[in-house]
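Derivation of every value follows stated rules applied to the coordinates shown; laboratory data play no part. Being a predicted model, the structure only gives us computed values, none of them experimental. FYI the Cβ positions are ideal-geometry reconstructions off the backbone, even for glycines, and counts take in every protein chain you see.
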Amino acid sequence: MVTYDKYIIEVLVKMGSKGISLRNLVRSVYNLSRTFFFSPEYDDVYRHVQQYVLRNSKSPSSLIERMEVRGYYRLNKASKEAEQLMLEFESHADSDGFF
């Protein structure tokens, strides 16, 4: 489950300010979670991503913010936690060549 959280943040960082729909976020996390030997249940991934997004988008200072378009989310730039995550992922991407 912790891996799903990491993938959620990774996808949100990659999408930036344009955000992503919940459906596409779930699909991305599901695809990142699949391996040659393991394939999680899509419904389990959907429930986890949905709960994580709802839990982390409740207040204006939350990590994730809802966008004007219904069902779309992005990292909240006003959140201190989001700023730290963006810096961590950017420095990690530079050193490993990802993104």
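Label zone of Val69 (point 7 Å out along Cα→Cβ, amide N under 19 Å): in the stretch 22-37 this covers 22-29.
Apply the Kirkwood formula to the stretch 19-85: the hydrodynamic radius equals the inverse of the mean of 1/r over all pairs of different alpha-carbon atoms; give it in Å with one decimal.
12.7 Å
Counting 0.36 nm for each residue step from Phe38 to Gln51 and taking away their Cα separation leaves a gain of 2.4 nm. 3J(HN,Hα) along the stretch 27-33, derived from phi through the Karplus expression 6.51 cos²θ - 1.76 cosθ + 1.60 where θ = phi - 60°, amounts to 4, 5, 5, 4, 5, 5, 7 Hz, with x in place of Gly and Pro.
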